[in-house]
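The values are calculated or read from the model by the stated rules, or taken from the named source; none is laboratory data. This one's a predicted model, so the numbers in the text were calculated from it and none came from an experiment. Here the Cβ positions follow ideal geometry from the backbone for every residue, glycine too, while neighbour counts run over all protein chains shown.
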Amino acid sequence: MKLQELAERLGCAVRAAKDGDLELDIAGVAGMEHAGPAQITFLANPKYAHKVKGTRAGAIIAAASVGELPIPVVVSENPYVDFARALALFYQPPRPEPGIHPSAVVAETAELGEGVSIGACAVVGERVKIGRGTVLHPLAVAYEGAVIGEDCILHSHTTVREFCRLGDRVILQNGVVVGGDGFGFAKRKDGTHMKIAQSGPTVIEDDVEIQTLSSVDRATVGETRVRRGAKIDSLVQVGHACEVGEDNIICSQTGLAGSTVLKKNVLLAGQVGVSGHLTIHDNAVVYAQSGIGGDVEAGSVISGSPAFDAAVWRRCVAAYPKLPELLKTVRQLEKRIQELEAQFAEKRDE
């Protein structure tokens, strides 16, 4: 693909470094350190502009403000987004042909839309409904009564449990479990635990992606819901009766205890623990390895365990290495004050 054509398909202009740049053949997309002369790279953060001098890329996607560069620039309002769009032009993951593999097990009462693909050893239970163009890769399982929307992709070893619902364009990466039992037990008088039935389904709305080996549990009563556009990373646990808001980002190894509510555009970085029965409001950001024990106000940026304002937390972290020295100084001051008080007492007695 010529550079000019690529720019047009992205809806961007090109700032050439020399004559003939617009006719440059682009065969793919790569990072700045690995790109070759037939590839285009990107610059999302201007502070890394100095690295462009060392790249072998034929062209770069960057913002207009980046200034003059030694290679042609595809001028973008959002270089990272346009990098992703360019990548999609050159790479499309393999997509199986529509149809049911001979080794798949599909119940007679299941309803399959047009163009559905059911892979080897996949299982589709009784009264399951699967929308048009959806793909179940080998060994994917849909339990009885599950509803899966249009153009979804369920990779190998994913499970959608009984009566759970997926919207359109949902992607479940390998090993995801939607609607596994919530962790609910009642303690008897003798100390043993009685399992509480988890009757409420899990609902995944449109355009949600859940990465590998994550679990979104079903509810004891009511439902667990992941709202439109949320993205959940690998090794995340969403507990029973939780609500994950629109366009949330939940990073790896995060755990939400039961009945946690996340509002719109919440970002939880890696290894965040949320104690449950609380609300994190719109646009809040929680730094990695934080522990959340109470409601979080809209727009807050918090960190630590227990978590509090991130700016204060950074000052605290900066002070931690100095604590032994500060403690030593405080003890010296206390000793000096005691000496001065003794001297003052002696003079007063005279």
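Name the residue that is farthest from the chain's Cα centre (by Cα), counting only residues in region 111-120 that are closer than 18 Å to Thr158 by Cα and assigned to a loop (DSSP other than H, G, I, E, B). Filtering region 111-120 for residues that are closer than 18 Å to Thr158 by Cα and assigned to a loop (DSSP other than H, G, I, E, B), the one farthest from the chain's Cα centre (by Cα) comes out as Ala120. When the residues of region 10-27 are filtered to those that are more than 21 Å from Val66 (Cβ to Cβ) and at pLDDT 90 or above, the one that is nearest to the chain's Cα centre (by Cα) is Ala27. The residues of region 152-199 that are of a type in the set (Val, Ile, Thr) and in a strand (DSSP E or B), listed by number, are Ile153, Thr159, Val160, Ile171, Val177, Val178. Residues of region 277-298 that are of a type in the set (A, V, I, L, M, F, W, C) and either assigned to a strand (DSSP E or B) or in contact with a helix residue (DSSP H, G or I) (Cβ under 7 Å, 6 or more places away or on another chain) (or both): Ile280, Val285, Val286, Ile292, Val296. Taking first residues from region 239-256 that are at positive phi and partners that are crowded, with 20+ Cβ neighbours inside 10 Å and among the hydrophobic types (A, V, I, L, M, F, W, C), the Cβ contacts under 9 Å between residues at least 6 apart in sequence or on separate chains come to Ala241/Ala219; Asp247/Ala230; Asp247/Val266; Gln253/Val236; Gln253/Val272. Residue pairs whose Cβ atoms lie under 8 Å apart, sitting 6 or more positions apart in sequence or on different chains, and linking a residue in region 120-144 that is farther than 15 Å from Val177 by Cα to a partner that is part of a loop (DSSP other than H, G, I, E, B) and aromatic (Phe, Trp, Tyr), are Gly125/Tyr143; Val128/Tyr143. Looking only at region 19-52, which residues are without any contact (Cβ under 8 Å) to a residue 12 or more places away in the chain and either outside the structural domain of Val73 (by TED's automatic domain parsing) or out of contact with any strand residue (DSSP E or B) (no Cβ under 9 Å at 6 or more places or on another chain) (or both)? Across region 19-52, the qualifying residues are Asp19, Gly20, Asn45, Lys47, His50.
Residue pairs whose Cβ atoms lie under 6 Å apart, separated by 6 or more positions or on different chains, with the first residue in region 203-220 and over 13 Å from Thr254 (Cα atoms) and the second of a type in the set (Lys, Arg) and in a strand (DSSP E or B), are Val203/Arg165; Val203/Arg225; Glu209/Lys231. Please work out if Glu205 is under 25 Å from the mean Cα position of the chain (by Cα), surrounded by fewer than 19 Cβ atoms within 10 Å (Cβ to Cβ), charged (D, E, K, R) and modelled with pLDDT of 95 or more. Answer is no for this residue. Selection within region 221-240: residues that are aliphatic (A, V, I, L, M) and over 19 Å from Lys264 (Cβ atoms). The member of this set that is surrounded by the fewest Cβ atoms within 10 Å (Cβ to Cβ) is Val221. Considering region 28-43, and only residues there that are assigned to a loop (DSSP other than H, G, I, E, B) and under 14 Å from Leu69 (Cα atoms), the residue that is nearest to the chain's Cα centre (by Cα) turns out to be Leu43. Within region 209-244, the set of residues being touching a Lys or Arg at 6+ places or on another chain (Cβ under 7 Å) and among the basic types (Lys, Arg) comprises just one member, Arg218. Of the listed requirements (1) outside the structural domain of Asp168 (by TED's automatic domain parsing); (2) surrounded by fewer than 19 Cβ atoms within 10 Å (Cβ to Cβ), Ala107 misses just one: (1).
This table checks each residue for (1) surrounded by 13 or more Cβ atoms within 10 Å (Cβ to Cβ); (2) within 29 Å of Leu136 (Cα to Cα).
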{"position": "Ile60", "(1), (2)": "yes, no"}
{"position": "Ala63", "(1), (2)": "yes, no"}
{"position": "Val81", "(1), (2)": "yes, yes"}
{"position": "Arg85", "(1), (2)": "yes, yes"}
{"position": "Ala88", "(1), (2)": "no, yes"}
{"position": "Tyr91", "(1), (2)": "no, yes"}
{"position": "Arg95", "(1), (2)": "no, yes"}
{"position": "Pro102", "(1), (2)": "no, yes"}
{"position": "Gly115", "(1), (2)": "yes, yes"}
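Rundown of residues vs (1) of a type in the set (Gly, Ala, Ser); (2) touching a strand residue (DSSP E or B) at 6+ places or on another chain (Cβ under 7 Å); (3) surrounded by 14 or more Cβ atoms within 10 Å (Cβ to Cβ); (4) touching a residue at least 12 places away in the same chain (Cβ under 8 Å), yes/no style:
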{"position": "Val261", "(1), (2), (3), (4)": "no, yes, yes, yes"}
{"position": "Lys264", "(1), (2), (3), (4)": "no, no, yes, yes"}
{"position": "Val286", "(1), (2), (3), (4)": "no, yes, yes, yes"}
{"position": "Arg315", "(1), (2), (3), (4)": "no, no, no, no"}
{"position": "Val330", "(1), (2), (3), (4)": "no, no, no, no"}
{"position": "Arg336", "(1), (2), (3), (4)": "no, no, no, no"}
